[in-house]
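Data first, discussion second: the structure below is written as structure tokens.
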Amino acid sequence: MYLYGLENNNNQIKQADLLIYELFNKCVHILKDNIEKQETDLQNLSTSIRVAKENILSRDYNELASVCDDYLRRYENNEDENNLLTNLFTGDHGNNIAELVVKSVLLSMKYGSNEGVKRFSRLLQIVDLYPKTMDLIADKLQEIPCWMFFDCLYQITAHLDKPIA
């Protein structure tokens, strides 16, 4: 991420870095709260309303995955010329963001999202870069209908000779 005019102004860079960190966390918090409210209401609904809520949940999970993955990709591709992602990826934050992407994609698939299926190949990349996410994938795969993986068979078979298999 590059902001013009901040080349040599460390104070503004630190302020922008902190702002990005706070806005990212606020966005994730709002999306997670919305998802939590939707999921608690889901249990007591009739079938037709439940299907509509599941569509909303899959959309929200995909949005959360998209926001997190956007920043994760920027970090992985070293698109941080001004060091504006320093706070966001200090310590174990990178792993936490990767786990959010994995969990969000898999839960969107659980609710029948085709967009989640399209994102599955990205999960295989994330597992290679962030091995701690493998346990999360192993846990959540049990909740997803096996037919959801038909479109992913080529990507899955390409990883059969790797440790994640």
- Item | Number of the exception - ASN78 against (1) on the phi < 0 side of the Ramachandran plot; (2) out of contact with any Leu (no Cβ under 9 Å at 6 or more places or on another chain) | (1)
- Residue by residue through the range 43-84, note down the ones that are closer than 23 Å to VAL102 by Cα, among the acidic types (Asp, Glu), exposed (fewer than 15 other Cβ atoms within 10 Å of the Cβ) and in contact (Cβ under 8 Å) with a residue 12 or more places away in the chain. GLU79
- Item | Residue list for the range 20-40, restricted to those being surrounded by 13 or more Cβ atoms within 10 Å (Cβ to Cβ) and farther than 16 Å from VAL101 by Cα | ILE20, TYR21, ASN34, GLN38, GLU39
- Item | Selection status of LYS110, touching a helix residue (DSSP H, G or I) at 6+ places or on another chain (Cβ under 6 Å) and among the basic types (Lys, Arg) | no
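Taking the range 136-163, which residues are aliphatic (A, V, I, L, M), farther than 21 Å from ASP92 by Cα and either touching a Phe, Trp or Tyr at 6+ places or on another chain (Cβ under 6 Å) or part of a helix (DSSP H, G or I) (or both)?
Selection gives LEU141, MET148, LEU153, ILE156, ALA158.
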- Query: So which of LEU18, LEU31 ends up being in contact with a helix residue (DSSP H, G or I) (Cβ under 9 Å, 6 or more places away or on another chain) and either modelled with pLDDT of 80 or more or closer than 18 Å to GLU79 by Cα (or both)?
  - Reply: LEU31
- Task: Could you check SER113 against (1) over 27 Å from ALA16 (Cβ atoms); (2) surrounded by fewer than 19 Cβ atoms within 10 Å (Cβ to Cβ); (3) out of contact with any Leu (no Cβ under 8 Å at 6 or more places or on another chain) and say which number it fails?
- Result: (2)
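This table checks each residue for (1) closer than 18 Å to ASP17 by Cβ; (2) at pLDDT 85 or above; (3) among the hydrophobic types (A, V, I, L, M, F, W, C).
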{"position": "ILE56", "(1), (2), (3)": "no, yes, yes"}
{"position": "ASN62", "(1), (2), (3)": "no, yes, no"}
{"position": "VAL67", "(1), (2), (3)": "yes, yes, yes"}
{"position": "TYR71", "(1), (2), (3)": "yes, yes, no"}
{"position": "PHE89", "(1), (2), (3)": "yes, no, yes"}
{"position": "HIS93", "(1), (2), (3)": "yes, yes, no"}
- Note on the structure: Residue count, the range 120-135, condition buried (at least 16 other Cβ atoms within 10 Å of the Cβ) and either aromatic (Phe, Trp, Tyr) or outside any helix (DSSP H, G or I) (or both), comes to 2
- Query: Is it true that some residue in the range 114-133 is modelled with pLDDT of 90 or more, of a type in the set (Phe, Trp, Tyr) and in contact with a helix residue (DSSP H, G or I) (Cβ under 7 Å, 6 or more places away or on another chain)?
  - Reply: yes
- If you take just the helices (runs of 4 or more DSSP H) that sit entirely in the range 1-119, which of them hold at least 3 residues that are in contact with a Ser or Thr (Cβ under 7 Å, 6 or more places away or on another chain) and not polar (S, T, N, Q)? 47-76, 93-110
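The values are calculated or read from the model by the stated rules, or taken from the named source; none is laboratory data. None of these values were measured; they are calculated from a predicted model. Because the Cβ atoms are built from the backbone with ideal geometry, glycine has one as well, and the counts that use them run over all protein chains shown.
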